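*Asks:* One structure, pasted below without further comment.
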Amino acid sequence: MNLEKTSINAPEKILIIRLSSIGDILLSTAFIRQLRESYPKAQIDFVVKDIYKDLLLFNPHINELYSLKLDKGAKELFELKGLLNKKSYDVVLDLHNNLRSNILKYGISAAKIYSIKKEKLKQLLYVRFKINYYDDETPIPIRYLSVGKDLGVSDDGKGLELFWNRDQILSAEKKVSSLGLKVNDSFICLAPGAGFYTKRWPEEKFEDLVDLIQADKNILFSKFYYIVTSIVPEINILAPTPNREAIFSMRRLVSCA
């Protein structure tokens, strides 16, 4: 729904806050696009932690991307808040709803603020102790949509998206070549790891996944090269086999990994 054609109160300046992490930011890309479809002429800005900014750096639906380094701790957080306050946003959409995002949004000059609803006790029990009290399993992109429901944002069914430019492609090709691989080789990239230990897949699950990939008759690779990127030292999760020719690590060589 494009409310710009039907409402004189269509927002001209919109701020989205989602600070981390990789998966959640990627899951927000559908919402960003859907918001842009509803308000094609609006300025849509986004706040994210600096280490994850590459995920949104070339997103054409974002006008300005603010990255938060936190090198200076709370000082940098309040400096950014002061900058955002000067923008006089019509709408702030908080897809994170944690301490830092609350500091950023409350008290700034904004006509309306919408925040994602989080059942924090249930989340704590599930993440820390694997005790599940959730009644349903609403996908994260749909939960993000609920934040924009009053703005008429609706699901376009196009899924998630990721954008990059030619320089990033060339950089990736260079890093692959540095491992002794040819750019045209067939390889699969695995990215094990998560911020919380209880969110990480057990090592044996990656072995099972690789076995499923190699058993898939629709994947016509004669040899399987595996590149593992991770923020945690899990390079040994895969054992070499005759059909799994080599395992390469790009840990610490790529951003967001």
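*Asks:* Is the range 165-187 home to any residue that is under 15 Å from Leu35 (Cβ atoms), hydroxyl-bearing (Ser, Thr, Tyr) and part of a loop (DSSP other than H, G, I, E, B)?
*Replies:* No, every residue in the range 165-187 fails to be under 15 Å from Leu35 (Cβ atoms), hydroxyl-bearing (Ser, Thr, Tyr) and part of a loop (DSSP other than H, G, I, E, B).
*Asks:* Additional query: Taking the range 9-38 as the search range and keeping residues that are under 12 Å from the mean Cα position of the chain (by Cα), part of a loop (DSSP other than H, G, I, E, B) and of a type outside the set (D, E, K, R), which one is nearest to Leu253 (Cα to Cα)?
*Replies:* Ser21
*Asks:* Separate question: Identify all residues within the range 125-146 that are under 19 Å from Ile25 (Cα atoms), touching a helix residue (DSSP H, G or I) at 6+ places or on another chain (Cβ under 6 Å) and hydroxyl-bearing (Ser, Thr, Tyr); write none if there are none.
*Replies:* Tyr144, the sole residue that qualifies.
*Asks:* Here's another thing I want to ask about it. Looking at the range 107-126, which of its residues are more than 18 Å from Leu93 (Cβ to Cβ) and surrounded by fewer than 15 Cβ atoms within 10 Å (Cβ to Cβ)?
*Replies:* If the condition is that a residue be more than 18 Å from Leu93 (Cβ to Cβ) and surrounded by fewer than 15 Cβ atoms within 10 Å (Cβ to Cβ), then Glu119, Lys120, Leu121, Lys122, Gln123, Leu124 are the ones that fit.
*Asks:* Look at Lys130 and say whether it is within 18 Å of Arg18 (Cβ to Cβ), surrounded by fewer than 12 Cβ atoms within 10 Å (Cβ to Cβ) and more than 19 Å from the chain's Cα centre (by Cα).
*Replies:* Judged against the criteria, Lys130 is not a match.
*Asks:* Another question about this same structure. Which is of a type outside the set (Gly, Ala, Ser), under 28 Å from Ser171 (Cα atoms) and either touching a residue at least 12 places away in the same chain (Cβ under 8 Å) or in contact with an Asp or Glu (Cβ under 7 Å, 6 or more places away or on another chain) (or both), of Asp90, Asp24?
*Replies:* After applying the criteria, what remains is Asp24.
*Asks:* Quick check on this structure: which one of Leu70, Leu145 is more than 13 Å from Ile17 (Cβ to Cβ), surrounded by 15 or more Cβ atoms within 10 Å (Cβ to Cβ) and modelled with pLDDT under 95?
*Replies:* Matching residue, one of Leu70, Leu145: Leu70.
*Asks:* Name, by its number, the condition in (1) in a helix (DSSP H, G or I); (2) aromatic (Phe, Trp, Tyr); (3) modelled with pLDDT under 75 that does not hold for Tyr226.
*Replies:* (1)
The values are calculated or read from the model by the stated rules, or taken from the named source; none is laboratory data. This one's a predicted model, so the numbers in the text were calculated from it and none came from an experiment. So basically every Cβ, Gly included, is an ideal-geometry build from the backbone, and we count neighbours across all protein chains shown.
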